[in-house]
Amino acid sequence: MKQIFTKRTKRFLLDLLFPNRCPVCMRCIRWDKVICEECSKDMPLIKEGDLCGRCGRKHKPDEQCENDHNYDYVLAALWYEGKGKKGIYNIKRRYAFNLAEYCAPYIYKQLEKYGLQDKIDCITYVPMYPSKEYKRGYNQAERYAAVLSEALHVPVVGGMLVHKKSQTQQHELTGSERRDAAKNTYTLGNRAREPWEKVCILADDVFTTGSTLDMCAGLLKSIGFETVICVSICITPKKLADDEYEEDHDSEYYEE
């Protein structure tokens, strides 16, 4: 109770200096809300059965999941379209971290569905290149991991993964090119896995082709993790995740 009171008090006082805003339309909202009523009615929530939690793609229930990736589960709250897409733009550019809080309960329900909510040992995140993170001031995937940590009461562990310098922006690549680039972009960091850490959440903002998360999950598996659960805020519909992804990318909402 004391912890909850402290959090609510801090949020109320912070609102006096930095008014709370909806992460989609950026209008001011009550200090104890995470989204405005108007935007909440039109969020592209992923409904149960919309996609497979194993591979992150849609297929018929009676079809065998063809998950040949390093990750074991893919969970997300929103489709990367409409107000979900605009929210991602705001979380990258305007500190709209309320979007992560809005998504947390939906992620918890999916973890419950697969019986994973009490099996997670730690949470880590997809790293950014240091100079890029310095320029932005934060890594949105790390902020999302912190929100999940508070909701699940599981610690965030940084330093497991490192982003090496990449000369090419991700949004300039097709789906197949992203898969090749991911192999040369990420490596293991200096934080070793503790012996008791077997199940890990890997957080990121958007699941596109899955190439980045697949590569990072493989690195985590290489140091002994048995299960890697990829958790993103948004997931890109399959038709936009392949080679035509770049053509459909709306520069108004995406800047990487």
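Where a number appears in this text, it was derived from the coordinates with a stated rule and is not lab data. Predicted model only: the values in this text are computed from it and were never measured. Note that we place each Cβ from the backbone using ideal geometry, even for glycine, and neighbour counts take in every protein chain shown.
To make sure I understand, if each residue's beta carbon is the centre and we count other beta carbons within 10 Å, what order do TYR71, TYR106, TYR144 fall in, fewest to most?
Ranked by crowding around the Cβ, least crowded first: TYR106, TYR71, TYR144.
Using only the Cα atoms of the range 39-128, what semi-axes does the equivalent ellipsoid have when each is the square root of 5 times a gyration tensor eigenvalue? Give whole Å, largest first.
Working: eigenvalues 112, 58, 36 Å².
Taking √(5λ) for each Cα gyration eigenvalue gives 24, 17, 14 Å.
For the cross-link pairs LYS92/LYS183; LYS58/LYS119; LYS183/LYS221; LYS47/LYS92; LYS135/LYS221; LYS58/LYS113, which exceed 20 Å when the distance is taken from alpha carbon to alpha carbon? Walk me through the numbers before you get to the answer.
Numbers: LYS92/LYS183 24 Å; LYS58/LYS119 25 Å; LYS183/LYS221 15 Å; LYS47/LYS92 25 Å; LYS135/LYS221 31 Å; LYS58/LYS113 17 Å.
Where the Cα-Cα span goes over 20 Å, the pairs concerned are LYS92/LYS183; LYS58/LYS119; LYS47/LYS92; LYS135/LYS221.
As a proxy for reagent exposure, ranking VAL154, VAL206 by other Cβ atoms within 10 Å from fewest up yields VAL154, VAL206.
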